[in-house]
Amino acid sequence: MRRLSLRTLGPTLLGILAFLGVLAAIAGRMPLVLLTLVINLLIFAALAYSINFITGLTGYVSFGHVLFMAVGGYGLAYGVGTLHWHPVAGVALGALVSLALALGIGAVTLRFRGVYFAIASQVTALAGFYIVLEVQELGGGQGIVLNVGFEPIAWFYTIWVILAIEVGITYWITHGRLGYGIRSIRADEDAAKTVGVHAAALKLVLFAISGLFAGAAGGVYYWQGSGIFPNEAFSLTFSLIMLAMIVIGGMGTLLGPLFGAVAVYLSSQYFLTVLIGFEFVIIGVLVVVIALFLPEGIVGTLRKYVPELRGLIE
Amino acid sequence: MADFVALFLTDLVLGLLLGCVLAVIAHGLNIIWGVAKVVNVAHGEFIMLGAYGAYFLYLYGGFNPLLSVPIDAAIGLVVGMGFYFGFLYRELRGKESMGLQSELVTLVSTFGLSLVIVNIAQSIWEHPVGILWSPGAAQVGPVPVPFGGLYVAVVSVALIALTDLFLTRTYLGNAIRAYTQDIPATQLMGINPTVVAAVGIGMGFSVTMAGGALLTVWLPTGIDPTKIGILYAPISFVIVVLGGPGKMWGSLVGGLTIGLIINVGQLFLGGSIALATAVAVLTLIPILLFRPEGILR
Amino acid sequence: MSEPVQAEAPPAAPRSRRKVLAIGIAFLVILVGVAAAAVYYLTLPTPFGGTIKVGFSISLTGQFNVEGKNSLNGIKTVLNWINGHGGVTVQGKVYNFSLDYYDDQSTPGNIGTLYPRIIQNDNATFLLAPYSSGLTTAAAPLADSYDKVMMSHGGSSDVIWTGSTRRNLVEVLSRASIYLKGAVDWLHANHPSDKIAALYAADSFSTFATQAALGYAQSLNMAVVYNQSYPTTATDLSTQLTAAKNAGADDLIGGGHYTDGLLIMNQLKTTWNAPPPKFVSLLVAVTEPAFQSQLAGSANNVTGPSQWETAVTYSPTFAQSAGLSWYGPTPAEFTQLYGSLNNGDVPAYHAAEAGASLLVLANAIQRANSFNTTAVRAQLGSMHIMDFFGEFQIDSRGLQVAHSMVLVQWQAGAKKVVLPADIADGSCQYPYSGA
């Protein structure tokens, strides 16, 4: 048993924790412009870490992750709008419903490999959208408007806690014993099974965690939007952004999703005033170039070409 | 009751016609999947480009969508070869089959490509556009049969038959089939695998863009860059899996299945297109679980 | 065997190592630089001029890009008019308006970062809402939290006001629930025994507008025999139209957008044609000139609700006869100015409603003789005026109650305003003949 000390945690985790710690300490004193920007950055980072659990760590590409984000949002909207719960309880409800849905869907679709899983994930998200349109309890096509105020500090600490837990679990998986089995799935699933890795169970656990956190992040996103509308909530764009963030940052790494979220989200804010409309063209070109020539993303590429950084980032 | 029968027959006919055009737009993906064992995530965007091809031929040349099919197909052939050398050559070169890592690379890189195409299209073409081509309809008993849809269905089935004939009856077609089964053996026979793969992929894109032109008849008023890819790419994936990747007639079987579920299914789901579409795309799951080789043997 | 292995993996040459190190560090520096520049740029305050700054986000990209651009052009047209006509006078001094706006990509997530920036960094004194009900919902809490008046010009779902308490959000346009009310009123007055079928897009606005009309029709004892929504991606509605016909419906209301409106019209030709529905009223699509050019003869006698048309006859004399005060350009002046600023384009109703929101705000500031939020909001709550867009008066919640929708109808290839009668340039024709 390794003793947990600051040294054994490694510089990457310490760096991320320091970053989150500083944010938490100064959140109350930040100008609101910066605070709202940070809240959205953290929401997107939480989404990136959530898809990283399944796509980054196991290589199962999910094109339908928006499903869990939307379900999280609908959980929040139902909890707050119909049950009159506190929004934080609504976020928890959305996250748990997402978790349950991910368990159910994953139990079936994780049997499919490669492109078949990718297609199945996209199809379940599409079906989810069409079904919600007919569920009157969730507002059908009309959507749900919530009676919540502008509460940036509450949003900040909720998403902060979600992200901190996510980073902790990611660290535990990439460094703990569970991690060996999971990384062996990405390298060669059949070989992993023959040496006694419970691949099916591990994948399902990861997918469920992934659903849980995508749902939680979605809950905060729609709490901030004070309502949810199906045509926007199930937009494939969210799935694509999540995937682009981890491809750019570095799949399956501890730091990659955060880098990806910073690169994609902060730069996207430029395009609101400069080069309007070209955001996704540039993100798309980046994704193509990185996928073809730098498949390990920013983090993997830095590690590969700059040996001095190998001990620092992971 | 008579009303229900009339509705049922109408939906049956329209479902079959719709199924044919869905079959042909999925057919291009099927060919690419069969030849190179890769899935082009940007498939829906090439359908959209095919639809725009037909629109501009209509706008500037007065072509109806049927006449623009061969021109779109020729453009598709060139585009497809470009796609092969840009996105697949590095991953396929000198390999017998696509590894999972390469599969991941093509999935992600073609996904990036789809983002680029759809967003450029959106910034160029802001308003949805349509082709005004309405050759009328015949009334067969209680069933209205639109001629446009009928012509498109005939051309669709003919295109699928042509590709099947090409692959089984011509030298180049046989070379492509040999390539899909055993690349080193193909090389030993003196066939250049790069040429064969490029032609095969080119053919896939050719059919995809021709399918996009035919689809415009079913979108009489809306070639909308934000919607075509999102709607028809997943449906194409489902159709190919339903029919069985690489099986030429599988596209038609899958297309007709989906067309019928969407059109006839809504009758039994309270007239809800939303639920019928959900059921149609979800058929993918049981097929993958119980008949992973597709409906056709 | 051991030698080749060693030869394959020589220790990295120091020079190439230094090179990759340099590349890596450069990469990192660029990344950090981009992030830092982004944060700096995004928090940079814009210098405050001597004018009244009105801030908003608008959809220049994404799904509402067309409506967003039209709205922005309408706002700019009214800005041009106000500044060209002496601005507004507050406490004896003349002030001009300036605009401060950003693209929100039609995404609710951007509202939460843009409005704080507009209010805190750019020091906007007054706000306009974004386009669409979804984005307005996201923006509304900010108006109350920062205590700024926000004029809603593109968010019409009643539930924005009825589902929550809004202090500072003021609606300029007619709300979603009365879009189809005029059509139902006309049917009730002239053909009360008609049975109504509804087929509409499953989005927030279309669902709300159609459901409200159906509820209203039923409250007038009219029969509703068919009621179905469809996803906005639908490409075939023949089953639904046939089912509506078979249910014995006389009239068809609903629709949602331009493309699906045309789809309904095209499929009526094959599924509900002998005879066609007697009365057709569809949202949004009917007001577009392309509706007529695409459908030609079969567009005739189709009706649709509109917030505003260039043909409306609101005028200072009309205002006077109604006992109201008038402010701003006449409809003809607005149309003319809009055209001269936008290459001869004709303003759609999105342009008019957005422009009217700035106009009403200017009038309220002048009446309040103050920039104080409470004073201006109080004026907005009590004033009842007329401008080129029609009447303006709100209830205690901020919902618009005086503005009147118009009903348009294509007649012999021309778009006529047929309701309400006092501003109409034609009368409603019945039945729809299909050709």
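The values are calculated or read from the model by the stated rules, or taken from the named source; none is laboratory data. Only a predicted model underlies this, so the values are computations on that prediction, with no experimental measurement involved. In this analysis, Cβ positions are derived from the backbone assuming ideal geometry, glycine residues included, and neighbour counts consider all displayed protein chains.
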Hits in the range A:96-122 (condition: of a type in the set (V, I, T) and more than 10 Å from chain B (Cβ to nearest Cβ)): A:V97
Among what's in the range C:143-158 and is assigned to a loop (DSSP other than H, G, I, E, B) and under 19 Å from the mean Cα position of the chain (by Cα), pick the residue that is nearest to the other protein chains (Cβ to nearest Cβ). C:S157
Could you go through the range A:19-32 and let me know if any residue there is touching a helix residue (DSSP H, G or I) at 6+ places or on another chain (Cβ under 8 Å), surrounded by 24 or more Cβ atoms within 10 Å (Cβ to Cβ) and within 9 Å of another protein chain (Cβ to nearest Cβ). no
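Regarding the range C:183-200, can at least one residue be identified that is within 14 Å of another protein chain (Cβ to nearest Cβ), without any contact (Cβ under 8 Å) to a residue 40 or more places away in the chain, buried (at least 19 other Cβ atoms within 10 Å of the Cβ) and out of contact with any His (no Cβ under 8 Å at 6 or more places or on another chain)? Working first, answer last.
Residues of the range C:183-200 within 14 Å of another protein chain (Cβ to nearest Cβ): C:197-200.
Next, from what is left, pick out any that are without any contact (Cβ under 8 Å) to a residue 40 or more places away in the chain: none.
No, because not a single residue in the range C:183-200 is within 14 Å of another protein chain (Cβ to nearest Cβ), without any contact (Cβ under 8 Å) to a residue 40 or more places away in the chain, buried (at least 19 other Cβ atoms within 10 Å of the Cβ) and out of contact with any His (no Cβ under 8 Å at 6 or more places or on another chain).
Residue check: is C:S382 closer than 29 Å to C:S164 by Cβ and without any contact (Cβ under 8 Å) to a residue 40 or more places away in the chain? Reasoning before the result, please.
On the way: closer than 29 Å to C:S164 by Cβ: yes; without any contact (Cβ under 8 Å) to a residue 40 or more places away in the chain: yes.
Against the criterion (closer than 29 Å to C:S164 by Cβ and without any contact (Cβ under 8 Å) to a residue 40 or more places away in the chain), C:S382 qualifies.
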I'm told B:T186 meets every condition in (1) more than 19 Å from B:F63 (Cβ to Cβ); (2) hydroxyl-bearing (S, T, Y); (3) modelled with pLDDT of 85 or more except one. Can you identify the failing condition by its number? (3)
So which helices (runs of 4 or more DSSP H) are wholly in the range A:225-314 and hold at least 2 residues that are buried (at least 20 other Cβ atoms within 10 Å of the Cβ) and more than 7 Å from every other protein chain (Cβ to nearest Cβ)? A:230-233, A:236-249, A:256-261, A:279-293, A:297-305
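Out of all the residues in the range A:138-190, which are of a type in the set (A, V, I, L, M, F, W, C), away from chain C (no Cβ under 14 Å) and either outside any helix (DSSP H, G or I) or buried (at least 22 other Cβ atoms within 10 Å of the Cβ) (or both)? Quick ask: steps written out before the conclusion?
From the range A:138-190, those of a type in the set (A, V, I, L, M, F, W, C) are A:138, A:144-146, A:148, A:150, A:153-156, A:159-165, A:167, A:169, A:172-173, A:178, A:182, A:185, A:187; that's our starting set.
Those still in the list that are away from chain C (no Cβ under 14 Å) too: A:160-165, A:167, A:169, A:172-173, A:178, A:182, A:185, A:187.
Result: A:I162, A:L163, A:V167, A:I173, A:I182, A:I185.
Condition check: in a loop (DSSP other than H, G, I, E, B), within 14 Å of chain C (Cβ to nearest Cβ) and of a type in the set (G, A, S). Does A:G196 satisfy that? Lay out the reasoning, then the answer.
On the way: in a loop (DSSP other than H, G, I, E, B): yes; within 14 Å of chain C (Cβ to nearest Cβ): no; of a type in the set (G, A, S): yes.
No: the conditions fail for A:G196.
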Matching residues, the range B:218-238, being facing chain C (nearest Cβ under 10 Å) and more than 11 Å from the chain's Cα centre (by Cα): B:W218, B:L219, B:P220, B:T221, B:G222, B:I223, B:D224, B:T226, B:K227, B:I228, B:I230, B:L231
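Looking only at the range C:138-177, which residues are closer than 29 Å to C:D250 by Cα and either crowded, with 24+ Cβ neighbours inside 10 Å or at pLDDT 90 or above (or both)?
Step one: list which residues in the range C:138-177 are closer than 29 Å to C:D250 by Cα, which gives C:156-158, C:174-177.
Correct list: C:S156, C:S157, C:S174, C:R175, C:A176.
Can you pull out every residue in the range B:34-48 that is in a helix (DSSP H, G or I) and either surrounded by 24 or more Cβ atoms within 10 Å (Cβ to Cβ) or at positive phi (or both)? So that I can check it myself, show each step before the final result.
Of the range B:34-48, the ones in a helix (DSSP H, G or I) are B:34-36, B:43-48.
Once the filter is applied, which keeps residues that are in a helix (DSSP H, G or I) and either surrounded by 24 or more Cβ atoms within 10 Å (Cβ to Cβ) or at positive phi (or both), the range B:34-48 yields B:V35, B:H43, B:G44, B:E45, B:F46, B:I47, B:M48.
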All positions within the range C:239-249 that are facing chain B (nearest Cβ under 7 Å) and crowded, with 21+ Cβ neighbours inside 10 Å: C:T239, C:Q240, C:T242, C:A243
Do the conditions hold for C:Q379, that is, is it within 30 Å of C:G426 (Cβ to Cβ), modelled with pLDDT under 95 and either surrounded by 17 or more Cβ atoms within 10 Å (Cβ to Cβ) or of a type outside the set (G, A, S) (or both)? no
Does C:K69 satisfy the criteria of being modelled with pLDDT of 80 or more and under 22 Å from the mean Cα position of the chain (by Cα)? yes
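Out of all the residues in the range B:158-169, is one or more closer than 28 Å to C:T61 by Cβ, aromatic (F, W, Y) and either more than 14 Å from chain A (Cβ to nearest Cβ) or under 18 Å from the mean Cα position of the chain (by Cα) (or both)?
Checked the range B:158-169: no residue is closer than 28 Å to C:T61 by Cβ, aromatic (F, W, Y) and either more than 14 Å from chain A (Cβ to nearest Cβ) or under 18 Å from the mean Cα position of the chain (by Cα) (or both).
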B:A213: touching an Asp or Glu at 6+ places or on another chain (Cβ under 7 Å) and crowded, with 19+ Cβ neighbours inside 10 Å, yes or no? yes
Looking only at residues in the range A:36-56 that are in contact with a Lys or Arg (Cβ under 9 Å, 6 or more places away or on another chain) and under 14 Å from C:P116 (Cβ atoms), which one is surrounded by the fewest Cβ atoms within 10 Å (Cβ to Cβ)? A:L37
Residues within the range A:234-260 that are within 15 Å of A:M69 (Cα to Cα), in contact with a Leu (Cβ under 9 Å, 6 or more places away or on another chain) and among the hydrophobic types (A, V, I, L, M, F, W, C), tallied: 6
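Can we say C:W272 is farther than 30 Å from C:N123 by Cβ, touching a helix residue (DSSP H, G or I) at 6+ places or on another chain (Cβ under 6 Å) and touching a residue at least 60 places away in the same chain (Cβ under 8 Å)?
So C:W272 does not fit the description; no.
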If we keep only residues of the range A:73-120 that are crowded, with 22+ Cβ neighbours inside 10 Å and of a type in the set (S, T, N, Q), then the residue farthest from the chain's Cα centre (by Cα) is A:T109
Selection within the range C:114-131 - at the interface with chain A (Cβ under 9 Å from one of its Cβ atoms) and either among the small types (G, A, S) or without any contact (Cβ under 8 Å) to a residue 40 or more places away in the chain (or both): C:P116, C:Q120
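Looking only at the range B:256-275, count how many residues are over 13 Å from C:P231 (Cα atoms) and touching a helix residue (DSSP H, G or I) at 6+ places or on another chain (Cβ under 9 Å). Reasoning before the result, please.
We begin by selecting, within the range B:256-275, every residue over 13 Å from C:P231 (Cα atoms); these are B:256-261, B:263-265, B:267-270.
Imposing the further condition that a residue be touching a helix residue (DSSP H, G or I) at 6+ places or on another chain (Cβ under 9 Å) reduces the set to B:256-261, B:263-265, B:267-269.
So the answer is 12.
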Could you check A:G59 against (1) in contact with a Lys or Arg (Cβ under 7 Å, 6 or more places away or on another chain); (2) farther than 30 Å from B:F237 by Cα and say which number it fails? (2)
Hey, can you tell me all the residues within the range C:159-186 that are hydroxyl-bearing (S, T, Y) and assigned to a loop (DSSP other than H, G, I, E, B)? C:S164, C:T165, C:S174, C:Y179
Residues of the range A:124-137 satisfying the condition of being surrounded by fewer than 23 Cβ atoms within 10 Å (Cβ to Cβ) and free of Cβ contacts under 8 Å to residues at least 12 places away in the same chain: A:I131, A:E134, A:V135, A:Q136
